[in-house]
Amino acid sequence: MKTLLIFENDTDTVDIITSLYEYSTFNVVKSARKLSIDEIAHINPNIIILDHLLDDGFGGDLCLEIKMNSSTKHIPIILYSASNHVEQLATTNFANAFISKPFDLYYFIDMVNLLAL
């Protein structure tokens, strides 16, 4: 089973994404806060879904940390945000893809399936 790690502090969004994968080949791990690189490496996700605004910082910063670490840089990351600058945030922080909020659920599913290792 593949693991999808989602960083999101909005419980409604977490519930929607979790329900999308409830009966799929993905185990969904959720966090409203930034995790350490060691914690992320231990979870060993096949893909990370990362909101830019978290309770304890910016997802873009965490994305850069993940991509700069040799033990986690291979993990595909989709950065998403309601910001008009989400594409620039994704590029600057080496995310594999970006999605603007609000997002189309079918597009979201397609991106996850395309990028998941």
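So here's what we get for this one:
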| read-out | value |
| --- | --- |
| DSSP-defined beta bridges in the range 2-115 - what % are antiparallel, rounded to 5 | 10 |
| Inter-probe distance in nm under a simple model that places probes 7 Å from Cα toward Cβ, at D15 and N113 | 2.6 |
| FRET efficiency estimate (nearest 0.05) - Cβ-Cβ, V29 to L105, R0 22 angstrom | 0.65 |
| Calculated P(r) of the range 2-115 - Cα pairs past 21 Å, % | 27 |
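Every number in this text was worked out from the coordinates using simple rules, so none of it is lab data. Since the model is a prediction, treat every value here as computed from it, not as a measurement. Note: ideal-geometry Cβ built from the backbone for every residue, glycine included; neighbour counts use all protein chains shown.
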